[in-house]
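Have a look at the structure below before the remarks.
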Amino acid sequence: MTETATQLESLSPPAGLRRMAPVPANRSLGWLTDKLTAFNEGRTPLWWWILFLPAAFCAAFVLPAMLTYKISTGVGVWGNNHPVMWGWDIINFVWWVGVAHAGTLISAMLFLTRQHWRTAIGRAAEAMTVFSVMMAGMYPAIHVGREWFDWFMFPVPTYEGMWPQFRSPLMWDVFAVNTYLIVSTTFWYMGLIPDLALMRDRAKTRARKFIYGLFALGWTGSARQWHNYEKAYLILSGLATLLVFTVSSIVGMDFATAQLAGWHETIFPFYFVAGAVTCGFGMVLVLLIPLRKWCHLEDIITMAHIDKICKMLLLMGCIMGYIYAVEFFMAWYSGNPYDSWVFGHRMFGHQYWFGGWIMIVVNASLPQLLWIKKIRQNLAVVFIIGVLINIGMWFERFTIIVGSLYQDFLPANWGVYYPTWVDAGVFLGTLGAFFMLYLLFVRFLPMIPVSEVKAVTPQANPHQPSGTKGAMP
Amino acid sequence: MSGKNYGLVAEFDSPAAVLSAAEKVRDAGYSRWDVFSPFPVHGLDKVMGLKNSRVGWFSFVFGAGAFIGTMGMIWYMNAFDYPILTGGKPTFSVPMSVVPSYILLVLAAALGAFIGMIALNQLPRLHHPLFARARFALVSRDKFFLVIGSTDPKFSETETRRLLAEIGGAHIELVEDKD
């Protein structure tokens, strides 16, 4: 008997390759519950107000003011003009969609692949998805110029007998982004239901009990409910995984179907998905590194989690490097003078050369630092890398969009693009709205999926020795 | 008190305890009973004899309907009601219609899964007889509850109570159904 045990021990992988415990804090279920809801039930800390007030100001004043000015005056208040018809609005749209993707990848794709470590960060990442898709979805709606005709994009039967043109990827985008918003919100909300029931059961005041109770929909946690719930969760994560690949692919096709050097490339759908996920992992690091410290969740979102996200970011950085290399190679190998012109000017043009360098240095080269374990374990450095990746990915979109538009086939058609203060104001407003929503989420909803975390602890398994024990201290 | 009874509830401390209790309740021949837990307990489906959840059917029907419906809609709009000729291409073709149809398939299938979960669980409901019991608030924390319904043909207040005590249930109580 002991022999078999030693044999098994020798067969199990070396320490470095063993699976990490999903919840390294080996505590009782009650302790975990208290710990994970402590931030929602405690006093609002000072840092929350310091971050929330400026974000709320941007969301409540800057964004509406900019939108009112833009809608009442017209697209001319932005820098968009011939030949650069797509400016910051589309850059920011693609950027926000990109930020969203890592959330779905973590919450859905890692669920399907049974990566139990994802439970601790799934909800926080999914919230990031929901809020950034909201920001993304706003941009095309205001980009059209005449916002009061936005409803033309939907197949609404009217006396005019007009229908959308379904051959256009721009049309597909309308459906893709709205679908992404609805599906990720549904997925996120459904994951929240058991935890809303938990908040309801723990509520001390009538108001909290009522509000959490309302959104918990009367969840009791019966085995029959869990049975249907788990199935629905599995299906939703499968469908959300499809969207990781669909949404940014379609955004990529918006570009690839145009006959423009620098856009007309078959690699674009894949390119945009990879870029989106890279950017999103950067944002996950930016959000989680401070939050785990400030919300005292170091036992739950451990260094091992940060390490895994860093490794994913490293992988994505390598993929980005590969894609950039392929793009430049194809521009040269195709022998197309327009392609070579655009790609040469990305790096050595007189106007926007910096974008190309930022894109290669930050997105492809900087993540290579994450090969080094010391760097992956240095939270300050990882945080800075996360911030820089977000900036780098923003410049990638700038390079693709403005860098390809400003010098097309006819030199007579050339021009330059400068953003205006309204461009910057709208972006600032969306950043504020995103962080405001995120801070509200962190404050009022459990940012760690409590029931999921409890379900992956060893004591939750009735067939394991610790599952038979009662509550541990 | 004039209210009907909902059932007898017993409390357990661990998933293993409630699982073995559930096995004994099943072996005793009860049919209308349920287990309440803070997270899905592995193996309970089998003990309770729960078949594959029907949520998948909701998802499938919604998704398939949306795919076919969108295909039909695109044909109707772009090929029949108001044909748009662009570049000599056919007014309707499958490849160009697949993308929006596929997206709406994902949308409808996801909503179908959610609606199916809600409908099969008979949610939303504003009240549940068990909520009247203060200790039941621990169900989302770290306690496990086994409830034998009073509508069970084998239910008898004394016998069932004895069984629940035998299998290790604590705080056994009769829950009223005031609705």
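Every number here is computed from the coordinates shown, using simple stated rules; none is lab data. Not measured: the values here are computed from a predicted model. Using ideal geometry, Cβ is built from the backbone for each residue, glycine included, and neighbour counts are taken over all protein chains shown.
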Next item on the list: Enter the Cα centre distance for the pair the range A:307-370 and the range A:144-172, rounded to the nearest angstrom.
Entry: 36 Å
Next item on the list: Please pull out the direction-averaged projected area of chain B, using the convex hull of its alpha-carbon atoms, in nm² to one decimal place.
Entry: 14.7 nm²
Check: Under the definition of Cα pairs under 8 Å and six or more residues apart, what whole-number percent is the relative contact order of chain A?
Finding: 29 percent
Notebook entry, point to check: In whole Hz, what ³J(HN,Hα) sequence does the range A:119-126 give by Karplus (6.51, -1.76, 1.60; θ = phi - 60°), x for Gly and Pro?
Noted result: 3, 5, 10, x, 5, 4, 5, 5
Check: In percent, what relative contact order does the range B:55-120 have, based on Cα pairs under 8 Å that are 6 or more apart in sequence?
Finding: 58 percent
Notebook entry, point to check: Which distance in Å, rounded to a whole number, links the C-alpha centroids of the range A:120-137 and the range A:47-72?
Noted result: 19 Å
Notebook entry, point to check: Considering amide H positions built from the backbone, and no H for Pro or chain starts, which residues 5 or more places from B:Trp33, or on another chain, come under 5 Å of its amide H?
Noted result: B:Gly149
Margin query: Counting other C-beta atoms within 10 Å, and keeping those with at most 11, which DSSP coil GluC sites (Glu not before Pro) do you find in the range A:118-197?
Written below: A:Glu160
Margin query: What do you get for the angle between helix B:55-75 and the principal long axis of chain B? Use alpha-carbon atoms, 0 to 90 degrees, nearest ten.
Written below: 10 degrees
Next item on the list: Would you kindly work out the equivalent ellipsoid of chain A from its C-alpha gyration tensor and give its semi-axes, the square roots of five times the eigenvalues, largest first in whole Å?
Entry: 42, 28, 21
Check: So, with +1 on the Cβ of K and R and -1 on the Cβ of D and E, and no other charges, what is the size of the charge dipole of chain A about its Cα centre, to the nearest 20 debye?
Finding: 1780 debye
Next item on the list: Let me have the 222 nm mean residue ellipticity of chain A computed from DSSP H runs of 4+ only, each contributing -39500 (n - 2.57), with the sum over all residues rounded to the nearest 500.
Entry: -22000 deg cm²/dmol
Next item on the list: Give a quick list of trypsin sites (Lys or Arg not before Pro) in the range A:71-150 that DSSP marks as loop, anything other than H, G, I, E or B, with at most 13 other Cβ atoms within 10 Å.
Entry: A:Arg114, A:Arg146
Next item on the list: Hand me the trypsin sites (Lys or Arg not before Pro) from the range B:1-105 located in a DSSP loop with no more than 11 other Cβ atoms within 10 Å, in residue order please.
Entry: B:Lys51
Next item on the list: Choose one of A:Ser132, A:Val177, A:Leu214: the residue whose Cα lies farthest towards the positive end of the charge dipole of the range A:26-460 (beta-carbon charges +1 Lys, Arg; -1 Asp, Glu; about the Cα centre).
Entry: A:Leu214
Check: What whole number of Å gives the distance from the Cα centroid of the range B:81-130 to the Cα centroid of the range A:201-236?
Finding: 25 Å
Note to self: Can you tell me, using C-alpha contacts under 8 Å and at least 6 residues apart, the relative contact order of the range A:333-443 as a whole percent?
What the structure shows: 24 percent
Next item on the list: For helix A:63-73, report the angle its Cα long axis makes with the longest principal axis of the Cα atoms of chain A; keep it between 0 and 90° and round to the nearest 10°.
Entry: 20 degrees
Check: Which of A:Lys231/A:Lys373; B:Lys4/B:Lys143; A:Lys374/B:Lys143; B:Lys154/B:Lys178 have a Cα-Cα distance over 31 Å?
Finding: A:Lys231/A:Lys373; A:Lys374/B:Lys143
Item checked: On Cα atoms only, tilt of A:46-57 relative to the major axis of chain A in degrees -> 30 degrees
